[in-house]
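Have a look at the structure below, then the notes.
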Amino acid sequence: MANMENQVNVNGCTMFSDEEVREMSGFKRVGDDYVEVTCGCTSHRYGDAVGTLRVFVNGDLEISCECTPGCDEDKLSPAAFEKHSGRETSRKWKNNVWVIVDGEKVPLAKTALLKYYDKSLSNAGHRSQANCHRDEFIRCAKCNKHRRIRLRTKEECRVYHDSSTNDNWSCSDMPYDKITCDDDEERASRRVYRGCTRSPTCKGCTSCVCFGCDTCRFSDCSCQTCIDFTINSKA
């Protein structure tokens, strides 16, 4: 019983035991579905940027930056916080963003704080392989406008697959949403929304980027990508 009282319980689910967060600076058990902990990222040029990391039970990670008294950056992803801090070698936020444990800077990758994030990615990866693909755009060879192609079904995936290899593709080749070159191009501010199930403006993650599945690869296609997928899936 004493051990259970020393654990963080969220919606009936134990998030972190005392052992997992022992001596972790700024760790707080707050909210109904998340915890907070002091974090930071070090730039050789600008020094340490400090913030507060929120770890949610669904795997989401958010950082409120406190690098300067006037900084109002909030709800940053760890990757965005890493970039905001001026870190010279970015795109390695799991190793570059740290928390303080027993007075030492420890990368997130070496703590238990990412266990829900890693689990959510794993689950999202399985879902994406089954039925989730981000919208793609094809440029018309005649009017030079970008046209959105949604990849929700196998038929739509085949349309994009064939269209992407056609150098002469034009607006009139769109099999649905009949359009012509006279129709306006979708605004750039709208093109950033591409159907990711985790974040509306996601630029590419395991939830919306598929590297090959039965929905977007075709055994009757002679391109090398489809041939390789068919061979590997049978292996």
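Quick notes
- Cα-centre dipole for the chain with unit charges at Cβ (Lys and Arg positive, Asp and Glu negative), debye to 20: 620 debye
- Whether segment 64-107 is rounded, prolate or oblate, judged on the alpha carbon gyration tensor where a/c under 1.5 counts as rounded: oblate
- By definition, a body whose alpha carbon gyration tensor gives a ≥ b ≥ c is prolate when a/c is 1.5 or more and a/b is larger than b/c, and segment 18-102 fits this prolate description.
- Heavy-atom accessible surface of the chain: percent carbon and sulfur, 1.4 Å: 47 percent
- Since only S172, V35, C210 are under comparison, the one whose Cα sits farthest along the positive direction of the charge dipole of the chain, derived from C-beta charges on Lys, Arg, Asp and Glu, is S172.
- Å² per residue, accessible surface of the chain at 1.4 Å: 60 Å²
- Residue with peak Gaussian network fluctuation, the chain [Cα springs, cutoff 10 Å], from N96, N58, N168: N168
- Degrees, to the nearest 10: 154-164 long Cα axis against longest axis of the chain: 70 degrees
- Greater than 18 Å apart at Cα, pairs in K83/K115; K145/K178; K83/K203; K28/K92: K83/K115; K28/K92
- Among the trypsin sites (Lys or Arg not before Pro) within segment 13-119, those in coil by DSSP and having at most 13 neighbouring Cβ atoms inside 10 Å are R22, R45, K75, R91, K92.
- The listed residues H84, H161 rank as H84, H161 when sorted by accessible area, largest first, using a 1.4 Å probe.
- Added length on full extension, which subtracts the Cα-Cα distance from 0.36 nm per residue, A109 to S17: 31.4 nm
- For segment 148-215: rounded, prolate or oblate by the Cα gyration tensor [a/c cutoff 1.5]: oblate
- Folded to 0 to 90 degrees: helix 115-131 orientation relative to the chain principal axis, Cα: 10 degrees
- Scaled against 2.2 N^0.38 Å for its residue count N, the alpha carbon radius of gyration of the chain is 1.29.
- Calculated mean residue ellipticity at 222 nm for the chain: -6500 deg cm²/dmol, from DSSP H runs with n ≥ 4 weighted as -39500 (n - 2.57), summed, divided by the residue count and rounded to 500.
- Contact order relative to length of the chain, as percent, for alpha carbon pairs under 8 angstrom and 6 or more apart: 13 percent
- Helix 224-234 axis, angle to the chain major axis (alpha carbon atoms, nearest 10°): 60 degrees
The values are calculated or read from the model by the stated rules, or taken from the named source; none is laboratory data. Since the model is a prediction, treat every value here as computed from it, not as a measurement. Because the Cβ atoms are built from the backbone with ideal geometry, glycine has one as well, and the counts that use them run over all protein chains shown. Just the protein is used for accessible areas: all its heavy atoms, side chains included, with ligands, DNA and RNA removed. Shrake-Rupley method; radii C 1.70, N 1.55, O 1.52, S 1.80 Å.
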